[in-house]
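Below is one structure, written out as structure tokens, with a few remarks after it.
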Amino acid sequence: MALHTARLLLPLALCSAYELGWTSDWGWGWSWMGWDKGWGVGWGAPRFGFFDAPQTFSVRFLHMNDHHSHVAEASLTLQAEDSGEEVSLKYGGFPRLISLFKKIEAASAEPVVKLHAGDAITGTLWYSLFHGQVDAALMNMICFDAFVLGNHEFDDGDGSLATFLQYLRTEGNCSTPVLAANVVPSASSPLGAGFSDYLLPFTVVDAAGEKIGIIGLDIKAKTEASSSPDEGTVLLDELSTARRYVQLLRAAGVTKIVLLTHRGYSLDVAMAAELDGVDVIVGGDSHSLLGPRELSALGLSSVGEYPTIVTRRDGSKVCVVTAWEYAHLVGNLLVTFDEEGRVLECTGTPVLPVASDPTADITSRTPMRQAVDPDPVAAEYIRNKSVHVEALKRAVVATFEQPACLERFPGEGKSGTVACTNASYARGGEVCNLVAQAFLWRERDADIAIQNAGGCRTTVPAGPHSISNAYALLPFSNNLVASSMLGAQIIQVLEDALAGPLDLGGSTGSYPYAAGLRFEVDASAPAGRRIRNAQVQQRAASSRVWQPMNLSGTYRVVTQDYISAGKDNYLEFDKLSWTKLHHEYAQTWLDWLELGVKGVVKPLAASDYSTQKYVDPSGCDHSIAPYPKCL
């Protein structure tokens, strides 16, 4: 059922000759009528007492979040019940999601509201190459009734976000309302001039004659600490901002209110209990999968019920939902209100769109799956864009002044060239050190970045470095994660990484490289005593000088999700709880090359190599014995 964005005409007793606009002391506020001073909102004649509302009213919310420029389908590996053989099943991706949105909306007896809960961009090559154009075009094929900004929308600053918002305006025939009630752009921000009528605190949709207010909230702490909003662009407190706009909408007679948030599932549940006047929270950020136990049949696990129903002290209900990640599924929530606008019931399920498959037992294990064919227009759009990808991959993103050699253990010779074996003889290869530097640059509140040698696959020669070269260097689908660790735990991580190849016959790819951390290695010493003189450059310190690691001190560590799961004998990592940062490691490398070092990579200073001294298993000290004496 078609919806339109309505504009809010406040009751005369409330606003008289005032409009809602921007005030410098708080945020959005009241100003005397004058459309040149800010934005105003209004819809035609309000529905105050002209006719009786129905006793109950139901509306269906279809929603997604955190697709992070993942536009293509993914594969799910399952085990067939009859044969026990593994079966790979294609699912998700925008062409299939677009078909599913259309299918559910066409079959719905209730009006449908379509929502996106943020973090649409950054994370894959599609964003690196098209800067949000592809995401915007595909989103507009769904034609969302509202989209809220997420923290990753600010990863490349206000200017890049403005570019994406312009694509949302111009790609296709839909103009998606973009919400961010607690985002206050600076006076000089590209988001301020030209987007004042597009970046809104809320919108109101007309659903079969019923008004539904939708307020957008982005996460304040994470956006300011880990993303890159322009200087002067600030985020207001989420709870107080929500209260302000809930009161405004209810005073205007809007009794059905949705928070469209990008704050995370646990914070949404907590807010639902605290905040009066809200009926539904549709969220993102935490990439949480909600749903029934049947998900285990697909090898998936949920963190809560879909929907999660929160009952406040006064007995009123709030429906809280979120829809996982990466364009994998669509949330399908049905909410029934009473005549006063209170929630009577909320039901629904996430729906996993899968490819039609002859293996019926695979696709029928859970009611949340639906066989869906990709939308042909969206599929053709992606195919046409893909034609240009190979050419775009040849684009040069940086120039290396000198070769950055690949090596695992210092002097090991994995690079296959005498020059690189010589260059890496004393301190190991440079290129994995640089990759760790990129990790540390991306996660601004981390003190230390750690990368295993096996995660880097090529030497980078001097000269131009293309996108294709970057993906040859970092070819895996690894994503960044972060956690807090004691100094003693970090030392144990390094010891475990060395023990794999030295004691257990494991791959030399476990050799550790780092940024913000340096140490000495004595491979001839017994296990557990090989790491010595560990030093850190803690970001919170007043001076970025190398200081001895405090074994009982706490450090923020960023790494990638392959070794964080304990792979390559990084056993201590597997004991920790990790926060997903939703950045692919190759994408992080490209971002660092473009924005971190501005396209010019100079040789890393010897003092910044993570391995400062290396004694090999025979006891030969590579920092004293000249190359190639120890080999």
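Scanning region 513-531 for residues that are touching a strand residue (DSSP E or B) at 6+ places or on another chain (Cβ under 7 Å), of a type outside the set (Ser, Thr, Tyr) and either closer than 13 Å to Pro410 by Cα or surrounded by fewer than 17 Cβ atoms within 10 Å (Cβ to Cβ) (or both) yields Glu520, Val521, Asp522, Ala523. Residues in region 562-578 include none that are part of a strand (DSSP E or B) and not charged (D, E, K, R). Taking strands (runs of 3 or more DSSP E) as the structural unit, those lying wholly within region 396-467 and holding at least 2 residues that are touching a Phe, Trp or Tyr at 6+ places or on another chain (Cβ under 8 Å), buried (at least 24 other Cβ atoms within 10 Å of the Cβ) and not polar (S, T, N, Q) correspond to 448-452. Hey, could you check region 145-175 for residues that are more than 26 Å from Arg444 (Cα to Cα) and surrounded by 23 or more Cβ atoms within 10 Å (Cβ to Cβ) and say which is nearest to the chain's Cα centre (by Cα)? Ranking the candidates gives Phe147 first.
Among the conditions (1) modelled with pLDDT under 95; (2) of a type in the set (S, T, N, Q); (3) out of contact with any Asp or Glu (no Cβ under 8 Å at 6 or more places or on another chain), the only one that Ser108 does not satisfy is (1). Residue under question is Ser468, and the condition is that it be in contact (Cβ under 8 Å) with a residue 24 or more places away in the chain, over 24 Å from Ala605 (Cα atoms), touching a Lys or Arg at 6+ places or on another chain (Cβ under 6 Å) and hydroxyl-bearing (Ser, Thr, Tyr); does it hold? For Ser468, the condition - in contact (Cβ under 8 Å) with a residue 24 or more places away in the chain, over 24 Å from Ala605 (Cα atoms), touching a Lys or Arg at 6+ places or on another chain (Cβ under 6 Å) and hydroxyl-bearing (Ser, Thr, Tyr) - is met. Taken over region 567-603, residues that are modelled with pLDDT of 95 or more, surrounded by 15 or more Cβ atoms within 10 Å (Cβ to Cβ) and among the basic types (Lys, Arg) amount to 0.
Only residues that are of a type in the set (Asp, Glu) and assigned to a loop (DSSP other than H, G, I, E, B) were counted across region 135-184, and they come to 4. For Val280, state whether it is under 21 Å from Glu110 (Cα atoms) and buried (at least 16 other Cβ atoms within 10 Å of the Cβ). Yes; evaluated as a whole, the condition is true for this residue. Selection within region 88-134: residues that are assigned to a loop (DSSP other than H, G, I, E, B) and β-branched (Val, Ile, Thr). The member of this set that is nearest to Val320 (Cα to Cα) is Ile121.
The values are calculated or read from the model by the stated rules, or taken from the named source; none is laboratory data. The model shown is predicted, which means the values in this text are computed figures rather than measured ones. Here Cβ is always computed from backbone atoms with ideal geometry, including for glycine, and neighbour counts include all displayed protein chains.
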